[in-house]
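Data block below; observations after.
Read-outs: derived from the displayed coordinates by stated rules, not from any lab. Keep in mind the model is a prediction, meaning the values are calculated, not measured. Cβ atoms come from the backbone with ideal geometry, glycine included; neighbour counts cover every protein chain shown.
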Amino acid sequence: MPEGHSVHRIARQFALHFVGKRVAVSSPQGRFAADARQIDGQVMVSAKAVGKQMFLEFENGRWLRVHLGLYGAWDFAGDFTADATTASANGRMGQTNQRGTSIGAPRATRLRMSEQENLQPTSEPFPPDPIGAVRVRLLTEDTVADLRGPTACEVLDANQVQDAIDRLGPDPLVDSAKKGEERFVAAVRKKATPIGLLLMDQGVVSGIGNVYRAELLFRARLNPRTPGKDVPEESVRALWKDWTKLLRIGVQTGQMLTMDGLGKKAYIAALANRDDRHWVYHRTGEPCRVCGTPIVMEIAAGRKLYYCPTDQA
């Protein structure tokens, strides 16, 4: 499932290439046709992510809410940048793969954005024909975005959007640092639920999924079974600050890079290969990078949880 950094990067694509433009909205699959008509032909005025959810605002006061879930993905084609980093969103364009605004002109690339980002060459004309079961197509004069397989996809009014956001925990890239930290600490410290489950609760904190959960707990040397109320307050505050740090790195690099202090070669390897990127995630039976104890995997609330039984005892 895409974690918070991926959704923020996707929102930046829309901020860079759709906001301020009139958008043709359709549902090639047909399942979203009625909702698509509510925003078809409207100018997109804002795009933002909160945790794993994205909200696209249109000039008529309607919003498109999307939660990719386990199988959802966005495909971009046309005139777009493949590096929608924080810097790009502030006006510094990243790697631009194809420029031009002529409908029917060939485009060189297609970018899929989900848990991972996959840039592929293509010789198709613009706009390309929809491929597969496209729930929603958003089309401007020079860029198209196709949505497939989301868990949630709906058009809301402003009050409904606020209700949806109010149900979410703090997001370091949305909430102020102090306010977000206080909300997170208060939510964790009042619950007897294990911290390993609380970090995955989107009502406690937004954007953390299986990878970041395992890595944050290892970096903090916390036993995932420890009840939230028993985690020392300073440790909870440190978790929030570390999540803020890792989320920003994820948005900037496009990768869930959770190991610090890497040399140049190790850093390049980590960006290229997940096996070189994490402390414990997906490393069942492999030696802990710190103490050598085999990493353990167990099922917690239906999800795989990875940890070191020695360093996180």
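Taking other residues whose beta carbon is less than 11 angstrom from the beta carbon of residue 148, and scoring Lys, Arg as +1 and Asp, Glu as -1, yields +1. Under the simplified labelling scheme, the residue 183-residue 71 pair shows an inter-label distance of 3.1 nm, with each label point 7 Å from Cα along Cα→Cβ. Dipole orientation for region 169-213: of the candidates 197, 174, 212, 197 has the Cα lying most toward the positive pole (charges on Cβ; Lys, Arg +1; Asp, Glu -1). Taking every alpha-carbon pair within the chain, the share separated by more than 33 Å comes to 28 percent. Toward the positive end of the charge dipole of the chain, with +1 on the Cβ of Lys and Arg and -1 on the Cβ of Asp and Glu, the farthest Cα among 153, 232, 13 is that of 232. Eigenvalues of the alpha-carbon gyration tensor of region 169-307, scaled by 5 and square-rooted, set the equivalent ellipsoid semi-axes at 24, 19, 12 angstrom, largest first. Taking label points 7 Å from Cα along the Cα-to-Cβ direction, residue 225 and residue 193 give a separation of 1.9 nm. The sum of -39500 (n - 2.57) across all DSSP H runs of n ≥ 4, divided by the residue count of the chain, sets its helix-only mean residue ellipticity at 222 nm to -8500 deg cm²/dmol.
Suppose R0 equals 25 Å; then what is the FRET efficiency for residue 151 and residue 284 from their Cβ-Cβ distance, rounded to the nearest 0.05? So the FRET efficiency works out to roughly 0.40. Over 25 Å between Cα atoms: which of 21/245; 52/178; 245/265; 48/190; 264/304 fall into that group? Beyond 25 Å: 21/245; 48/190; 264/304. Put a plus charge on the Cβ of each Lys and Arg, a minus charge on the Cβ of each Asp and Glu, and nothing anywhere else: the dipole of the chain about its Cα centre is then about 500 debye. Extension gain for residue 310 to residue 235 (0.36 nm times residue separation, less C-alpha to C-alpha distance): 25.2 nm. If you take the Cα centroid of region 142-182 and the Cα centroid of region 270-313, the two points sit 30 Å apart.
Taking a straight Cα-Cα cut-off under 20 Å and skipping sequence neighbours fewer than 8 places away in the same chain, the aspartates and glutamates within cross-link reach of residue 191 are 166, 171, 181, 182, 201, 230, 233, 234.
Potential lengthening of the chain between residue 167 and residue 60 amounts to 36.1 nm, from the contour at 0.36 nm per residue minus the alpha-carbon distance.
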